[in-house]
Structures are given as structure tokens and as C-alpha cells.
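Participant: Here's a structure for you.
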Amino acid sequence: MRLDHVCIRVQDLDESMKFYNEAFGYEVAEKKDYPDDEFTLVYMELPSGGVQLELTYNYNHGPYEIGDGYGHIAIAVDDLEKLHKEQEAKGLNVTELKGLPGEDPHYYFAIDPDGYKIEVIREK
């Protein structure tokens, strides 16, 4: 068995696709539109492969409430500081670099247009 994909529901599909591409380099692997059922699925993947991100767009749905049980998606990167600076320069919503108590900074969060948190961690 393996984890295949993670699904998040988005309010503005184009804005979300742009965010994940600009922030992390995700590319569209597959797009399926179901107009009769009023939803679209977009599967995005990193050039390095791995778990896909499914963006689900339900026509005419307002903002989603992110429950308090949701935590985050995590993406490991080789050069944490470089990506952080690039994302800040693009005007993306990112936190400062953080570390767990007693540890050096080794992660930060990027927040997508719907408010989902993506933890960006230093590759081990």
C-alpha cells in the first residue's frame, strides 16, 4: 500500500492552482471536469513525484470552514531559507522560520488562498 493523494476543497480553482505552482512547483497531472454534477478535480504533482494533491472545486460553493481537526500538509525541501525568501518575494503568505522548543529553525508555514497550511520543512 501507499498514500496516493491528498484532497482539499478550494473556492477558486485557478487561484489555488497558481498558488501551488508558484509556491512549490506543482504541475497539473490531470484535470477532470464534471459539469453535470457541478465539480472539477485537478490532480497536481511535484516534478519529483510522490503523493499527488487533489484540488476539488465544487461549482458555486462559498468559502469552506477548515475544521480544528485539520493540521497541515508537509513538504520537505533541500534549501529551506532559499524557498522561504523566494515565496516572500512573490508576496505569498508565509510565516517566519520556526523551530521546536530548544531547536534551530527548520520549518515554516505557507498558507494557501483558502487558508490551508502547508508546513515547509528542511529535508533531513
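Participant: Just to be sure, is residue 70 exposed (fewer than 13 other Cβ atoms within 10 Å of the Cβ), under 27 Å from residue 2 (Cα atoms) and among the hydroxyl-bearing types (Ser, Thr, Tyr)?
Facilitator: The answer is yes for residue 70.
Participant: In the range 2-115, which strands (runs of 3 or more DSSP E) lie fully inside it and hold 1 or more residues that are of a type in the set (Asp, Glu)?
Facilitator: Where strands (runs of 3 or more DSSP E) fall fully within the range 2-115 and carry at least 1 residues being of a type in the set (Asp, Glu), they are 27-34, 39-45, 52-58.
Participant: Now a separate question. Does any residue of the range 3-17 turn out to be within 12 Å of the chain's Cα centre (by Cα), closer than 25 Å to residue 105 by Cα and surrounded by 12 or more Cβ atoms within 10 Å (Cβ to Cβ)?
Facilitator: For the range 3-17, residues within 12 Å of the chain's Cα centre (by Cα), closer than 25 Å to residue 105 by Cα and surrounded by 12 or more Cβ atoms within 10 Å (Cβ to Cβ): absent.
Participant: On the given criteria, is residue 90 surrounded by fewer than 12 Cβ atoms within 10 Å (Cβ to Cβ), within 18 Å of residue 119 (Cα to Cα) and in contact with an Asp or Glu (Cβ under 7 Å, 6 or more places away or on another chain)? Before the answer, list the steps.
Facilitator: Working: surrounded by fewer than 12 Cβ atoms within 10 Å (Cβ to Cβ): yes; within 18 Å of residue 119 (Cα to Cα): yes; in contact with an Asp or Glu (Cβ under 7 Å, 6 or more places away or on another chain): yes.
When the stated conditions are applied, residue 90 passes them.
Participant: When the residues of the range 72-124 are narrowed to those that are within 25 Å of residue 12 (Cβ to Cβ) and aromatic (Phe, Trp, Tyr), which ends up nearest to the chain's Cα centre (by Cα)?
Facilitator: The residue in question is 116.
Just so you know, all these numbers are worked out from the coordinates, no wet-lab data involved. This is a predicted model, so every value here is computed, not measured. Heads up, the Cβs are rebuilt from the backbone with ideal geometry, glycines too, and the neighbour counts pull from every protein chain shown.
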